[in-house]
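S.K.: The structure follows.
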Amino acid sequence: MSLPAERQAGKTGSVLSRLPQISYKRQLAIMLAPYVLGLLGLVLLPALLSIPFAFTDYNALRAPEWIGLRNFSEMLGDWLFWNGLGASMFYIVLAIPLRVLGAVFLAFLLHKPTVSNKINRVIAYLPTLIPDVAYALLWLYIFNPLYGPLNWILRLLGAEPESWLLEPWPAKFAIVIMMLWPIGEGFVLMLAAFHQVPHELNEAGQVDGASGRQRFLHITLPLLAPAILLLLFRDTVLSFQANFVPGLITTLGGPYHATRFLPIYIWQNAAEYQRFGYAAAMTWVMYGITASIIALQFVVIRRWRSLFYD
Amino acid sequence: MIREWDSERYLEPQTDQDISEGLNRLERDAGRVGHVVFSLLVAVLFLLPLIWMLGASVRKVGLPPPNQLEWIPNPIELSNYARIFELLPLGSYTLNSLKVVLVAVPLTIITASWAGFAMSQIAPRPRTWLIVASLVALMVPVTALWLTRFLIYKWIGVLDSLWALILPSFMGTSPLFVLLFYWTFSRIPGELYESARLDGAGALRIWGQIAMPLSRASIVAVGVLAFVFFWSNFIDPVLYLNQQQNYTLPMGLQSLQQMQPTNFPLLIAGAVVITVPVIIMFMFAQRFFLQETRGAGWLGR
C-alpha cells in the first residue's frame, strides 16, 4: 500500500523528490558526508599526525628527521618551557574556578524570567561578544598606569595604584582579571542547567522547611554538578586558546616572560623559530597535563556529588 | 480561624520552631533586597568595560592623561573614527570580513544541521560513534592543529586566500554546532518524520520542511555563535594569510596597534568598529539565546 503512494508522491512532489531515487540511508549518508570528512580531515587526522612530528626535527624546509625522544629531553632542560607551563598552570588554577563560579553565580542571580533579569542577562553577556583582539586592546588601555581608568578606581577605593603590565606578578594577575568578564557562554550553559532542575524537588524542600540557602546548597547545586563539570572541562581545554590572544597582544608574553603561556611559547617555536617538531612535542605534553587536570576535576566533582546522592 | 492562629504565632515566637520560621522569612526578605543590590552591581560591573571603551574611543588624540576618573572625555572627538579609516584600508578589511561571514555562516548552518539531522536518523551504533568522535574532536587543543592544518591547507592550495578562513564551515565549523542540531532534532517526535517518509518525502525534504522550521532557536543560536567565531577569528588569519589585501578586520586592528602602539583613542575606536556589528547581531538574537523560559531552548530541554 505504501509503495504506490510513494511512487505517486515522487511524480507530483517538488523538485527535490524528482531527483534520481536513492535510498533514504544513502541520502542521510550524503548529508553527513561534509561533517565526517571535515572531522577526519581537519581535526582528527591533523591531531593524530602531529603525534609523530613530536619525535622529529622538522623545520618545513627539509624532510622531518626522526630524533626519538630528544625533543622531550630538551624540554626538561628548557627553562622557557617550565616558565610557560608555570604561567599556564597559574591561569588554570586561579582563573578557571573563578570563571565557573562567576557563571554559576550569574545564572543563580538571573534565572527567574523577570524583566530586569532579562535585561541583566543581555548586559552580562556583552563583554563576551567583544572580539578577542579588540578585547585585548581594551584592557591594554584599562590597565595603562597613566591613561587607564583601573588605577583611578583603585585610588578611589583607597588602594595603591599598580603598574599592572610592567611587572611580572601584576601582569599575571592582570590576565586573570581581564578573563573574568567574558564568561557569557558558561553563563548560558548554567542558565539552561538551572531551568532543568525540577521544580518539584525545590517545592518538596520548601514543604520540609528548608531555607532558600539550604535548598540551593543541598538540592540545586548537586543537581547542577554535571553542568559544572562540563563547564570546568570546557574552560580547561579552552584555556589553551583563551589567554592566547591576551598574552600575545596585551602583554606580548612579558614582562620577563611572566605571561608567556605555554601555547604562546609553542606558537613562537612553530611560527618564529620554525621548530615544528619541538612545538608538537610540547603540545602533546601540555595535552597530557590538561587531560590529568580534567580527570582530577572529574573525581573531585563526583566525590562532592556523592555526598548528596547514592 | 486559621489566619488568626497564624498571625498570633508570628507576632510572638514561643517555640524554637517559631524562631526558625521567622528566620526563614527574614532570610527571604534579605534575599529579595540582596537580589536587587546584586543585580545592580552585576549590571554596572559588566557594563564598565563597554562604557570605558566608548569613552576612550572619542578622547582627543594627544591629550595628556586625565587627572581623575574620566567618564566622558572633553571634547568629544568623533573624528577618531574617520582617522583610523584613513590610516588603514579598514574598508577593504571590513569587506573581507563580510565576505568570510556571508559565505561561512550560512554554510555552517546548512552543513551542521545536515549532519545533526542525519545523526538523529541513523542507527544507534554509528550514531554513538559519531557522538564520541565529535566529543573527542571538541577536546582536541587548537595548538595541536596549527602545524598539520597549515601543511594540509598548503597542499590543497587555499593558503593565503580567504578560503583558508572559510574552510571549517564546510564541516559545520564546530562539532558543538552539529551536536546542538542533533539534540534539537532528536527531540522532534519521530512520528512526524515517519509520516513524511510514508508520503514519500526524501531526507532533504524532511530536513527542510519539518526539522528546520521546528528548530528556529537552534538555527539562530548556531548562526550567532558562528558569526561571532568567523568575525572575531584572529589566530587563523595570522597563521594562513600573508598578503595585506586578504586581511580581515581583526588583522587590521593588530596592524593598527603595530603602527600606533600607545595611541589609545585610535586603537579603542578600532575596537569599537569591530565590536558593534557583533552586538547588533546579538541584540536580534538574544531572545532565542538567553530568554527561553521553558529552558534555554538550544541547550537542553
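Values quoted throughout were computed directly from the atomic coordinates according to the rules given, and no laboratory measurement underlies them. Please read these numbers as outputs of a predicted model, since none were measured by experiment. Cβ sites come from the backbone with ideal geometry, for glycine too, and all protein chains shown count toward neighbours.
S.K.: How high is the FRET efficiency between B:Q291 and A:L98 when r is their beta carbon distance and R₀ equals 35 Å, given to the nearest 0.05?
M.R.: Rounded to the nearest 0.05, the efficiency is 0.85.
S.K.: So what is the calculated 222 nm ellipticity per residue for chain A, using -39500 (n - 2.57) for each DSSP H run with n of 4 or more, over all residues, to the nearest 500 deg cm²/dmol?
M.R.: Mean residue ellipticity, 222 nm, calculated: -21500 deg cm²/dmol.
S.K.: I'd like the Karplus ³J(HN,Hα) series for region A:278-283: coefficients 6.51, -1.76, 1.60, θ = phi - 60°, whole numbers in Hz, and an x wherever there's a Gly or Pro.
M.R.: Couplings: 5, 4, 5, 4, 5, 4 Hz.
S.K.: So for the protein assembly as shown, considering every pair of alpha-carbon atoms, how many percent are separated by more than 47 Å?
M.R.: Result: 21 percent of Cα pairs exceed 47 Å.
S.K.: Along region A:255-266, what does the Karplus equation 6.51 cos²θ - 1.76 cosθ + 1.60 (θ = phi - 60°) give for ³J(HN,Hα), rounded to whole Hz, x for Gly and Pro?
M.R.: x, 6, 6, 4, 10, 7, 4, 3, x, 6, 5, 4
S.K.: Looking at chain A, I'd like the Rg to Rh ratio, where Rg is from alpha-carbon atoms and Rh is Kirkwood's inverse mean 1/r.
M.R.: 1.09
S.K.: Counting only the backbone N, which residues of region A:276-292 are under 16 Å from the spot 7 Å out from the Cα of A:L69 toward its beta-carbon?
M.R.: Backbone N within reach: A:281-282, A:285.
S.K.: Would you please give the residues with an amide H less than 5 Å from that of A:D78, counting only those at least 5 places away or on a separate chain, with H modeled from the backbone geometry?
M.R.: Sorted by chain and number, the residues that satisfy this come to none at all.
S.K.: So what is the calculated 222 nm ellipticity per residue for chain B, using -39500 (n - 2.57) for each DSSP H run with n of 4 or more, over all residues, to the nearest 500 deg cm²/dmol?
M.R.: Rounded to the nearest 500, the figure is -23500 deg cm²/dmol.
S.K.: Here's something else I'd like to know. Ranked from highest to lowest mean number of other Cβ atoms within 10 Å per residue, what is the order of the peptides B:37-43, B:187-193, A:133-139?
M.R.: Ranked from most to least packed, the peptides come out as A:133-139, B:37-43, B:187-193.
S.K.: For B:I280 paired with A:A29, estimate the spin-label separation in nm (one decimal), with each label point 7 Å from Cα along the Cα-to-Cβ line.
M.R.: It is 4.6 nm.
S.K.: Ignore the peptide's own chain and count Cβ atoms of other chains within 10 Å of each Cβ in A:147-157; give me the average, rounded.
M.R.: So the per-residue partner count for this stretch is 4.
S.K.: Tell me which residues come under 5 Å, amide H to amide H, from A:T56 once H is placed; ignore anything under 5 positions away on its chain.
M.R.: Close amide H contacts, sequence-distant or interchain: A:I67.
S.K.: What distance in nm lies between label points placed 7 Å from Cα along the C-beta direction at A:R302 and B:D199?
M.R.: If labels sit at A:R302 and B:D199, their model points lie 4.8 nm apart.
S.K.: Mind checking B:37-44 for the average number of partner chain beta-carbons within 10 Å of each residue's beta-carbon?
M.R.: Across the residues of B:37-44, the mean count of other-chain Cβ atoms within 10 Å is 4.
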